[in-house]
Protein chains: 2
Amino acid sequence: MTSALLQHSETLTIPPMGADRVRQRIDRTTKRVNHHIDALCPSTPADACATWLPPGQATEATGASAPVVARRLHRALTAPVRHLADAGGRRWRPVLLWEVIELLGGDSEHCGPLIAATELLHTGSLIVDDVQDASPLRRGRPAVHTVFGVPTAVNAGTAAYFLWDRAVQLTFPDDAARRGDVRALGLAALRAAHAGQALDLQGHGEEMDQAVAGGDRHTALDLVRVTHRLKSGSPVAAALEAAGFVTGAEPELRRALGAFGSAVGTAYQITDDVADLRGVMRAGAPTKQAAEDLRSGKVTMPLAHAVGRLPQHDLNRIWQQMREGSGSATAVVETRRELAACGAVQACLDEADQLVNSAWSQLEPLLPATDHSRWLYELALSIVRRDQVA
Amino acid sequence: MTSALLQHSETLTIPPMGADRVRQRIDRTTKRVNHHIDALCPSTPADACATWLPPGQATEATGASAPVVARRLHRALTAPVRHLADAGGRRWRPVLLWEVIELLGGDSEHCGPLIAATELLHTGSLIVDDVQDASPLRRGRPAVHTVFGVPTAVNAGTAAYFLWDRAVQLTFPDDAARRGDVRALGLAALRAAHAGQALDLQGHGEEMDQAVAGGDRHTALDLVRVTHRLKSGSPVAAALEAAGFVTGAEPELRRALGAFGSAVGTAYQITDDVADLRGVMRAGAPTKQAAEDLRSGKVTMPLAHAVGRLPQHDLNRIWQQMREGSGSATAVVETRRELAACGAVQACLDEADQLVNSAWSQLEPLLPATDHSRWLYELALSIVRRDQVA
């Protein structure tokens, strides 16, 4: 294990609420979130038409074929989405959204469909990601495409994005203006996330070549940042800005909420890059292969931060092994050690904290001054620092 | 060649405007449509950030990495989408939308982005379809996934759906209510289309088994109808209902427009099933393999209509060959002949016409009574009967 990774939680300033109380509260909120996920995408075949068809079409698909249609939609949409959703995951996105709505004086139970949709949109994106990365394993289960096939995985993953639309309709049946606002947020997030995925799929190999050759990490690091922000920051930004809309927040507060969501989502992706280095275990089993990014030659933030921190000769060796896929298991372990020892891992963890702190400093003055507001900050740090969540 | 296919255009009542004038008008409108497609998804790398990023994110992606980001978005989003869009296609969806807006007294030029988005949404769905069906060829070109790879094809195809969102913003920059209405229509269409694709991907083999065994085509035929309506009818319904919103039409007219769009889109898919039987040639070259559906064992409308029309023994043989993929090239030609000779092909063509006529009879009384309204009907028939378009 790398020293920086192990030391990280020891060097934290433990938030005043305390890890146990943070955990208890997260557990409580997660239970409510789970209930709303079940309600938005129920695992009963009879509900499949209402779940997946827009209202007009759901009523048209009646007659002899209606039960057949429901069974089919269940099989090809509900089942693959629930295959992954039921495998758990941290579910910090809906928990965060729930808490923000509460803090702003809104009714989280009433916004349950929207909160659930935040998680299921994320679920959909993981299903499609796993197709694109040909990943065999997710959350300790076989990836959706390995069970249901690529065509159904792509279709169901994409369809899950549009549960946001169902949620908007369920949450604001009588408020067209609010529906318009919240639909716009969801669409903007989907646009940004697909642009981020476009950058991610191409990788940052060219910029890393230049960085390794010239010793300047600037451009490669910037590209990783933009990619993380678009792909991982945008959906959380949209969710938190939606919280602003549903609670009637002023534009300034809405913008600050969006920026805070963007920061938390982006920072989480940064610490996800770090977590990938060591692999993620849950209940004693790996949820995916450790150091997958190193093995697949993917330029992540720890690698970009290593430029200028590692001796040129070592960096050259590491990057060449990554590009050629020639690193042995021992070499991968050694690379993990080097990335920690040179300070690249710590630079990532610092950048993640700093993103959250900076956005928080803009948001905090606009929030109602209660203990609850401090708790939101603690929750965000817990999420980004990962080990205290789920 | 099957006799029903050849005779089809001879048995039409030629619309009063005449095929030549229909064609000229389509050509003129198509030119305008093409201009707006170029504007919504420009083929210049410098425009890629504005095309693919939502407004807030487009301005944030500045600094040293901005030109790199633009180049990358161009490569992974614009290039694959334009690879297929530039291969032509009939572009009847935007032409139809253009004409409906004109007929309703709207400004089609002003709605250009929305009209273009209708075509590019369709383009995106074809890109994803070709991944899911592993089709090598589309519009006479290598399918996008064979050129750009599956991950980029899936991502770019899906991203193209959200050009609708960009178009909404460009068309109604100062009208939040209208943006809300038109975004809702796009999202409902996307939900319906993914449900339709879920049905399509599973195929209707089980129902065809029962139909062949019992001689009752009812359920199998119904499922093909629902699938076609969801997948192919919904997007056109959304486009035409959007025309109602942008021109301030009353709800009754908007609903009739949506129903007419649904009918035209569904009917086009029915005649697409028929066209697949013979293969589609353009400029002397096949745009895709003839009778692909028969070869791949797909239950289409001509096959479902053959139940109860073909002698049980012949149907059994055909269906068994299709299920096993054991039909020789000669057998496929023979099947095409049998489907035409038994009246199944004609039943499809009649059903397509009937769908359009029935929806038209509801829509016509609500339209302004001008020659232009008659021309809309002629255009719709031309589209559905295919040979007079593009």
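The values are calculated or read from the model by the stated rules, or taken from the named source; none is laboratory data. These numbers were taken from a predicted model, which means no experiment stands behind them. Here Cβ is always computed from backbone atoms with ideal geometry, including for glycine, and neighbour counts include all displayed protein chains.
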### Query
Is it true that some residue in the range B:35-51 is among the small types (Gly, Ala, Ser) and touching a strand residue (DSSP E or B) at 6+ places or on another chain (Cβ under 8 Å)?
no
### Query
helices (runs of 4 or more DSSP H) wholly in the range B:293-390 with at least 2 residues that are among the aliphatic types (A, V, I, L, M), at pLDDT below 90 and over 22 Å from B:ALA267 (Cα atoms) - which ones?
B:329-341
### Task
Identify, by number, the condition in (1) crowded, with 20+ Cβ neighbours inside 10 Å; (2) over 26 Å from A:THR152 (Cα atoms); (3) among the aliphatic types (A, V, I, L, M) that B:ALA213 doesn't meet.
(1)
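Which one of A:LEU170, A:LEU190 is more than 7 Å from every other protein chain (Cβ to nearest Cβ), among the aliphatic types (A, V, I, L, M) and within 18 Å of B:ARG183 (Cβ to Cβ)? So that I can check it myself, show each step before the final result.
Values: A:LEU190 fails: more than 7 Å from every other protein chain (Cβ to nearest Cβ).
That would be A:LEU170, the only listed residue that is more than 7 Å from every other protein chain (Cβ to nearest Cβ), among the aliphatic types (A, V, I, L, M) and within 18 Å of B:ARG183 (Cβ to Cβ).
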### Task
Check the range A:120-129 and report whether any residue there is of a type in the set (S, T, N, Q), under 25 Å from A:ARG229 (Cβ atoms), within 14 Å of chain B (Cβ to nearest Cβ) and over 15 Å from the mean Cα position of the chain (by Cα).
no
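In this structure, is A:LEU223 facing chain B (nearest Cβ under 7 Å) and either part of a helix (DSSP H, G or I) or farther than 25 Å from A:TRP92 by Cβ (or both)?
In short, yes.
Quick check: is even one residue across the range A:133-143 within 11 Å of another protein chain (Cβ to nearest Cβ), under 21 Å from B:GLU207 (Cα atoms) and not β-branched (Val, Ile, Thr)? So that I can check it myself, show each step before the final result.
Looking only at the range A:133-143, we keep the residues that are within 11 Å of another protein chain (Cβ to nearest Cβ), and these are A:133-134.
Now restrict to residues that are under 21 Å from B:GLU207 (Cα atoms): none.
So far as the range A:133-143 goes, no, none of its residues is within 11 Å of another protein chain (Cβ to nearest Cβ), under 21 Å from B:GLU207 (Cα atoms) and not β-branched (Val, Ile, Thr).
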### Task
Kindly indicate which of B:ARG254, B:ARG229 is surrounded by fewer than 24 Cβ atoms within 10 Å (Cβ to Cβ), modelled with pLDDT of 95 or more and more than 25 Å from B:ARG178 (Cα to Cα).
B:ARG229
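Condition check ((1) surrounded by fewer than 18 Cβ atoms within 10 Å (Cβ to Cβ); (2) on the phi < 0 side of the Ramachandran plot) across all residues:
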site	(1), (2)
B:ILE26	no, yes
B:THR29	no, yes
B:ALA39	yes, yes
B:ALA70	no, yes
B:GLY105	yes, no
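So how many residues does the range B:151-163 have that are of a type in the set (A, V, I, L, M, F, W, C), in a helix (DSSP H, G or I) and facing chain A (nearest Cβ under 8 Å)? If you could, list the steps in order and put the result at the bottom.
First, pick out the residues of the range B:151-163 that are of a type in the set (A, V, I, L, M, F, W, C): B:153-154, B:156, B:159-160, B:162-163.
Now narrow it down to the ones that are in a helix (DSSP H, G or I): B:153-154, B:156, B:159-160, B:163.
So of that shortlist, the ones also facing chain A (nearest Cβ under 8 Å) come out as B:154, B:156, B:159.
Total satisfying the criteria: 3.
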### Message
Cβ contacts < 7 Å: first residue free of Cβ contacts under 8 Å to residues at least 12 places away in the same chain, restricted to the range B:209-222; second residue of a type outside the set (S, T, N, Q), any location; separation 6+ or different chain. Result?
### Response
B:HIS218/A:ALA64; B:ASP222/A:GLY63; B:ASP222/A:ALA64
### Query
If you check B:GLY180 against the conditions, is it without any contact (Cβ under 8 Å) to a residue 12 or more places away in the chain and within 25 Å of B:ALA50 (Cβ to Cβ)?
yes
### Message
Looking for something charged (D, E, K, R) and within 8 Å of another protein chain (Cβ to nearest Cβ) - is there at least one such residue anywhere in the range A:194-202?
### Response
no
### Query
For the range A:178-218, what are the residues that are in contact with a helix residue (DSSP H, G or I) (Cβ under 6 Å, 6 or more places away or on another chain), part of a helix (DSSP H, G or I) and farther than 30 Å from B:GLY186 by Cβ?
A:GLU207, A:MET208, A:ALA211, A:VAL212
### Task
Those residues that are under 15 Å from A:LEU376 (Cβ atoms) and β-branched (Val, Ile, Thr), I need them from the range A:234-259; list them, please.
A:VAL236, A:THR247
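Yes/no per residue for (1) in contact with a Cys (Cβ under 7 Å, 6 or more places away or on another chain); (2) buried (at least 22 other Cβ atoms within 10 Å of the Cβ); (3) in contact (Cβ under 8 Å) with a residue 24 or more places away in the chain:
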position: B:GLY279; (1), (2), (3): no, no, no
position: B:GLY297; (1), (2), (3): no, no, yes
position: B:ARG309; (1), (2), (3): yes, no, yes
position: B:ASN316; (1), (2), (3): no, no, yes
position: B:GLY325; (1), (2), (3): no, no, yes
position: B:GLU338; (1), (2), (3): no, no, yes
position: B:VAL345; (1), (2), (3): no, yes, yes
position: B:SER361; (1), (2), (3): no, no, no
position: B:PRO365; (1), (2), (3): no, no, no
### Query
Restricting attention to the range B:136-149, which residues are surrounded by fewer than 19 Cβ atoms within 10 Å (Cβ to Cβ) and either at pLDDT 95 or above or of a type in the set (S, T, N, Q) (or both)?
B:PRO142, B:THR146, B:VAL147, B:GLY149
